[in-house]
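First the structure, in the form of structure tokens, and then the observations on it.
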Amino acid sequence: MEDLDFSAKPTPRPEAAARAAAQVAAQSPFYKPAVALAFFRTAGTMEEKPGGKPIFCENEKTGGLFSKSARMYLLLEGEIGLMIRNTFFGVVKPGDVFGELAVIAGLPRSATAMAKIKCRVLSLDEKQFHAALEKKPEFALMLMSSMVQRLRQSIEKLGTAHPAGAPAARSDILDRKTLAGLRNELVTQEPASFQAGKVIMNAGAVGAFMYVVLEGHVAISVGNSVVERVGPGGIFGEIALVDRSARAASATAEIDCRLLAINRNQFLDLVKIKPAFGASLLKSIAVRMQQLAQRLAQLQA
């Protein structure tokens, strides 16, 4: 890797562009470097990275007996180059967060991060991330906003294509403890019931609620294609609550469903007072980003 050239900026491959969207949190008007710095300072580890050496590598697994413990990073000094298949597609500048998806959702690295020059970073592993989130829960909302912007870009690309392959199936984003805590917080609120075939939300509509699936299965559609199926413990509809924009996708009950509806005020309160809820939402968005990137890659292969 020492002979890789960072000086040129070749046109990224279509799948690289989709994966690149998942790498750097700072490419968003919602991102505030000062908030990120305060967050990383609460539990982060200071590290120095020599120039010309990788910080992590594409396809590197982050978990398991023989895998490295995943870390996410805030760049303080220097410059990081990002590559897919040895092709350079972007840089990380001081103040940027990168590598977060591996910690948030345990996903394999989708790119290589190479220190172009000597760098100083603050890093967090999963345990440190959750400890920092307990102290600075507002970081979750900021990071969500950045990730949602990138997710919408992938959804827009997918909407102009013709998805192939079976839709991704997701459930249990909320573990039992988090789900029980959520039900306790909203104990006076009755779950909403939807019969099979009932439309729950439409793309382009104003998003008033997000939903937690308690029973049943919900089909998420972009255009005329089902791209995802959400089962018990899964969540959907959160994108519109994060950035207060129109729905990015439609949702239909595939079988009779019971859903816990959460409005935006409740959503904001829960993120602030329930760090585990914020972490679960981040994981949900991260997994969806990866799934859409993979579908786009298949379409463009």
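Pairing each residue of the stretch 235-259 that is farther than 15 Å from Ala205 by Cβ and in contact (Cβ under 8 Å) with a residue 60 or more places away in the chain with any residue that is of a type in the set (Ser, Thr, Tyr) and part of a strand (DSSP E or B), provided the two are 6+ apart or on different chains, yields C-beta distances under 6 Å for Arg258/Ser193; Leu259/Tyr211.
The single condition from (1) open to solvent by 40 Å² or more (accessible area, probe 1.4 Å); (2) closer than 18 Å to Phe267 by Cα; (3) more than 22 Å from the chain's Cα centre (by Cα) that Pro191 fails is (1). Among the residues of the stretch 1-32, the one identified as open to solvent by 60 Å² or more (accessible area, probe 1.4 Å) and either in contact with a Pro (Cβ under 8 Å, 6 or more places away or on another chain) or modelled with pLDDT of 95 or more (or both) is Met1.
Of all residues in the stretch 217-262, those that are in contact with a Ser or Thr (Cβ under 9 Å, 6 or more places away or on another chain), open to solvent by less than 40 Å² (accessible area, probe 1.4 Å) and in a loop (DSSP other than H, G, I, E, B) total 4. Residues that are over 16 Å from Leu182 (Cβ atoms) and open to solvent by 30 Å² or more (accessible area, probe 1.4 Å) occur at least once in the stretch 275-292.
The values are calculated or read from the model by the stated rules, or taken from the named source; none is laboratory data. In this text the structure is predicted, and so the values were computed from the model without any measurement. Please note: Cβ atoms are built from the backbone with ideal geometry, for glycine as well, and neighbour counts cover all protein chains shown. Please note that ligands, DNA and RNA were not included when accessible areas were found on the heavy atoms of the full protein model with its side chains. Shrake-Rupley method; radii C 1.70, N 1.55, O 1.52, S 1.80 Å.
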